[in-house]
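J.: Below you will find the structure I want to go over with you.
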Amino acid sequence: MLVHMTIALCHQSDGSMKWSYTVGGYILSSPAVDTDSTIYFCTGSNAEKKVYAINPDGSFKWSYATDRPFSSSPVIGSDGTVYVGSADKQFYAINSDGSLKWSIPPVISSIPLQQ
């Protein structure tokens, strides 16, 4: 079964829809909005496992896919880098143009780290 979900932006004054964008999977995260009003969110299903970037006018900007669903909401760094964790056991840093900056496995420690 293919699932389609839609994210929409509404006018604050009257609640009417300004635009909507439909994706081919479940939207699994809260959206994040950067300083230029680009909207980032994550999807996850058998068909689609992506971070999306949507322009302020509702048009597609870019997406970044992995083999497993993203397991966290995106966070935007001061330089525009998008950070997000995935069920593939990687933590991703994605440049503002949609290219991969780096990915690493998460670090889990049961002992305090020295400062």
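No value in this document is a laboratory result; all are computed from the given coordinates. Computed from a predicted model, the values in this text were never measured in an experiment. Because the Cβ atoms are built from the backbone with ideal geometry, glycine has one as well, and the counts that use them run over all protein chains shown.
J.: List pairs: first in the range 10-21 and farther than 17 Å from Ser37 by Cβ, second hydroxyl-bearing (Ser, Thr, Tyr) and surrounded by 10 or more Cβ atoms within 10 Å (Cβ to Cβ), Cβ under 9 Å, 6+ apart or cross-chain?
T.: Final answer for the pair search is none.
J.: When residues of the range 12-56 are filtered for being outside any loop (DSSP other than H, G, I, E, B) and of a type outside the set (S, T, N, Q), how many remain?
T.: 19
J.: Any idea which of (1) exposed (fewer than 15 other Cβ atoms within 10 Å of the Cβ); (2) of a type outside the set (A, V, I, L, M, F, W, C); (3) within 20 Å of Tyr83 (Cβ to Cβ); (4) in contact with a Gly (Cβ under 9 Å, 6 or more places away or on another chain) is the one Lys50 doesn't satisfy?
T.: Failing condition for Lys50: (1).
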